[in-house]
Structure formats: structure tokens, C-alpha cells
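Heads up: the structure comes next, in C-alpha cells.
The values are calculated or read from the model by the stated rules, or taken from the named source; none is laboratory data. Note that the structure is predicted; figures quoted are calculated from it, not measured. Cβ atoms come from the backbone with ideal geometry, glycine included; neighbour counts cover every protein chain shown. To get the accessible areas, we keep the full protein, side chains included, count just its heavy atoms, and leave off ligands, DNA and RNA. Shrake-Rupley method; radii C 1.70, N 1.55, O 1.52, S 1.80 Å.
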Amino acid sequence: MNDWFTTIDGIATRVWGRLVQAANERALIGFATVSPTGDPEARTVVLRAADRDAGVLEVYTDLQSDKITSLRAHSQASVLLWDEDLKLQIRAKCTVTIQTGADVMDRWGDIPDHSRLSYGITPPPGQIIAHSKAYTKAPDPEVFAVLSCTVTHLDAVHLGRPHRRAAFTRDPASNKGEWTANWLAP
Ligand SMILES: Cc1cc2nc3c(=O)[nH]c(=O)nc-3n(C[C@H](O)[C@H](O)[C@H](O)COP(=O)(O)O)c2cc1C
């Protein structure tokens, strides 16, 4: 549909379609959290899964990384994606559940050996080291974590003519998880 951005349902469908595509392509997204002291912190991560029906996005990380400390203090995160071809910015506010151990061993099993090296670094990520190579990597399923991000708010901006902006809000715990959609001034 070429004019997907003219209807609010069209935007919702395109936004979720784009997130699913990004997950299939292992695309990079911005992932922002709030530190225990209230500081904003953003970083690049790979989007691993997107499920419209469940309203959930997935990211993999190291359980020892600082973002875990932040998410334990404040479970909210913000996801950012810009698609130059579609002229579409997607922002998602999420409530994050940290999954580890037996719950995530199916995902661990699907990760290629060379990629498993991203989970299991000594000393832990973010620690001061004596020189740039003073660390070792060994895959460790014990520190592999899946961030299950339940989307509560989506904000989509389409930079067409005219610019259009739509917001989608959902409380998974009430109203049967229905989305409320509104056009916003861009
Ligand atoms: C291209 C790229 C992809 C990355 N993918 C991930 C990822 O999927 N998960 C992750 O935890 N960190 C990933 N990182 C590293 C993070 O950006 C970040 O440096 C690291 O997770 C430590 O962040 P923290 O100290 O805020 O927890 C990636 C970095 C780059 C440059």
C-alpha cells in the first residue's frame, strides 16, 4: 500500500511490519534506559524479535552490563528506529522483563558460536582495565539475558508532505490490551 501513512491503521500496520522486518534482519536500534541515579543512557543494540500480537520486542545482552543494573532500578526503556526509505521514525516505550537461565536456553542454542562470545567477558563490561586488551571472552550461558520489552506506547513520525505523526498507547494489564490510537501534531 503506497499511501499507508494516510490512515492511522495503515501507520500501525507499517510500524509493526517495519519492526518485524528489523528483527528478521537483525537490525540496529537505539535502546535507552534510565540509570539508578536518573541519568539517561542510550546505546546501540540488535533487535532480535518483534511480535505485534504480543506487543513485545526482544534484545539480547550480557547480564553483567550496566543496562541490567539500570533496568532493575527502572524497568522502562525506549527503542528508536529510523527508516530513511520510508521516511519513518519509530519510537517505542517499553516495560522490560529480564529473562535468564532455563527460560532463554532456546535462544542461546540458536546463537552461532562466534556470536556467543558477546556474552561472557572478564572482567565484566564497563570495568576499568589496565590496557585496551586486558580482558578475555568466553561464552557463558549464565550471563546471557533476554530483554523482553512489552511495548506500552508507540510514536510514529512520517516525514512526507505533509508531515504526519501518530501515537498508539496500550496498557497490557487492562482494557484487554487494546491500543488507543491518536493523530498528533508533528
Ligand atoms: C553495532 C553494535 C551492536 C551492538 N549490539 C548489542 C546488543 O545486541 N546487545 C548489547 O547488549 N550490546 C550491544 N552492543 C554494545 C552496546 O552498544 C553497549 O556498548 C554495551 O551493551 C554496554 O552498554 P551498557 O554499559 O549501557 O550496558 C552493540 C554495539 C554496537 C556498536
Test result for residue 172, in contact (Cβ under 8 Å) with a residue 60 or more places away in the chain, more than 18 Å from residue 82 (Cβ to Cβ), open to solvent by 20 Å² or more (accessible area, probe 1.4 Å) and away from the ligand (no atom under 15 Å from the Cβ): yes
Set 49, 12, 22: member being touching an Asp or Glu at 6+ places or on another chain (Cβ under 6 Å) and surrounded by 18 or more Cβ atoms within 10 Å (Cβ to Cβ): 49
Qualifying residue in segment 34-44 (condition: near the ligand (Cβ under 8 Å from one of its atoms) and of a type in the set (D, E, K, R)): yes
Residue 67 vs. criteria in contact with a strand residue (DSSP E or B) (Cβ under 7 Å, 6 or more places away or on another chain), charged (D, E, K, R) and open to solvent by less than 30 Å² (accessible area, probe 1.4 Å): yes
Members of segment 93-120 that are touching a Ser or Thr at 6+ places or on another chain (Cβ under 7 Å) and of a type in the set (A, V, I, L, M, F, W, C): 94, 96
Residue 4 vs. criteria hydrophobic (A, V, I, L, M, F, W, C), away from the ligand (no atom under 12 Å from the Cβ), free of Cβ contacts under 8 Å to residues at least 40 places away in the same chain and closer than 21 Å to residue 164 by Cβ: yes
Residue that is nearest to the chain's Cα centre (by Cα) [pool: residues in segment 48-70 that are in a strand (DSSP E or B), closer than 28 Å to residue 179 by Cα and near the ligand (Cβ under 8 Å from one of its atoms)]: 59
Tally, over segment 141-182, of residues that are within 17 Å of the chain's Cα centre (by Cα) and of a type in the set (Ser, Thr, Tyr): 4
